[in-house]
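Laboratory data are not the source of any read-out in this text; all were calculated from the coordinates shown. Keep in mind that what you see is a predicted model, and the values were worked out from it rather than measured. Here the Cβ is made from the backbone with ideal geometry for all residues, glycine too, and neighbour counts use every protein chain on show.
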Amino acid sequence: MTRLFLVKDGERELWVAALVEEDVWTYVGNTGKFHYNEGARHDYYFLNGLQYVDIGIAEAKRLIAAGVGTVDEGQFADSVRRWREDAGGMDPEVVFASLVADLG
């Protein structure tokens, strides 16, 4: 089962996220892909410190186009490097197709 969320910290929009089975994947604008995010998974299932707003594909695309999920490469250079090296990142269209398949 796949679901899409906007992850927020108060009013701040942090990530477009996909819950795929029991894993949380977040869209990273710097790579143009969704990457597995253990911290977001831990928050979603255990901490509940962030807000997870259900969204659809059109809204996810709008948020991605607006830059949600793009991080400061100077401040988070190591994270961006790891994401760029992540061969397991998923293209947004793969995530969206998974959602459509689950709805059908």
Filtering the chain for DSSP H helices with an axial alpha carbon extent of at least 24 Å and a Kyte-Doolittle mean of at least -1.0 returns none
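Give the peptides 11-19, 41-49, 61-69 in descending order of average Cβ contacts within 10 Å, highest first. Display every interim value, and only then the final one.
Details: 11-19: 19.2, 41-49: 12.6, 61-69: 15.0.
Result, highest mean Cβ count within 10 Å first: 11-19, 61-69, 41-49.
As a footprinting exposure proxy, order Phe5, Phe34 by other Cβ within 10 Å, with the fewest listed first. Intermediate values should be presented prior to the final figure.
Working: Phe5 21, Phe34 25.
Arranged by neighbour count, lowest to highest, Phe5, Phe34 become Phe5, Phe34.
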At 7 Å along the Cα-to-beta-carbon direction for both Ala65 and Ala77, put a label point, then send me their distance in nm to one decimal. 3.4 nm
Report the gain in length on full extension from Tyr36 to Asp9: 0.36 nm times residue separation, minus Cα-Cα distance, nm rounded to one decimal. 7.8 nm
Cα pair distances of the chain binned at 5 Å [whole percent]: 2, 13, 25, 26, 21, 10, 2, 0, 0
